[in-house]
Amino acid sequence: MQKKNDQQWQQQLSPEQYRVTRLKGTERPFTGDLLYQEAAGSYHCICCGAHLFDATTKFDAGCGWPSFWQALDGKVRYQPDHSHGMVRTEILCAACDAHLGHVFDDGPAPTGQRYCVNSVSLQFRPEKDL
């Protein structure tokens, strides 16, 4: 994948998508279009299209952002995040480094993890379109 510069990302993405994915922002809780999405399908990176999560791993965590108990193997990269006086683990698209959100150890079985993801960092593809 060819590396894009800031101007190219700004041309491709909406201002909110750019702010969240490229500048590590966060959308307001309970405002994302994908929060209540329950259809069968898959979730892909809004920046590069990489398949990141399957709908079968999505659950309602009540936190205000789409949550998944597992990412696809090798599709998400993890890095420490010490911003805002907190210690968290940031999740990024392994293909293009888009900021997706954070992962926490308070999710359901079988993994016990909660991938808390910004809706604007994802594109949902219904099962019928796959």
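Below is a table of values for the structure above.
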{"item": "Enumeration of residues in segment 80-106 that are farther than 15 Å from residue 53 by Cα and in contact with a strand residue (DSSP E or B) (Cβ under 7 Å, 6 or more places away or on another chain)", "result": "80, 81, 88, 89, 90, 96, 104, 106"}
{"item": "Candidate set from segment 18-34 (those that are touching a Ser or Thr at 6+ places or on another chain (Cβ under 7 Å) and in a helix (DSSP H, G or I)); member that is surrounded by the most Cβ atoms within 10 Å (Cβ to Cβ)", "result": "21"}
{"item": "Residues (assigned to a loop (DSSP other than H, G, I, E, B), touching a residue at least 24 places away in the same chain (Cβ under 8 Å) and either under 25 Å from residue 8 (Cα atoms) or of a type in the set (D, E, K, R) (or both)) located in segment 35-53", "result": "46, 47, 48, 49, 50"}
{"item": "Residue in segment 43-56 that is surrounded by the most Cβ atoms within 10 Å (Cβ to Cβ), counting only those that are farther than 11 Å from residue 75 by Cβ and not β-branched (Val, Ile, Thr)", "result": "47"}
{"item": "Qualifying residue in segment 10-31 (condition: touching a Pro at 6+ places or on another chain (Cβ under 7 Å) and either β-branched (Val, Ile, Thr) or at pLDDT 95 or above (or both))", "result": "no"}
{"item": "Residue within segment 22-33 that is touching a residue at least 24 places away in the same chain (Cβ under 8 Å) and closer than 19 Å to residue 128 by Cβ present", "result": "yes"}
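Yes/no matrix, rows are residues, columns are (1) modelled with pLDDT under 95; (2) over 17 Å from residue 34 (Cα atoms):
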| position | (1), (2) |
| --- | --- |
| 49 | no, no |
| 58 | no, no |
| 67 | no, no |
| 85 | yes, yes |
| 97 | no, yes |
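The values are calculated or read from the model by the stated rules, or taken from the named source; none is laboratory data. Fair warning: this is a prediction, and the values are worked out from it, not measured in the lab. With ideal geometry, Cβ positions are generated from the backbone for all residues, glycine too; neighbour counts draw on all protein chains shown.
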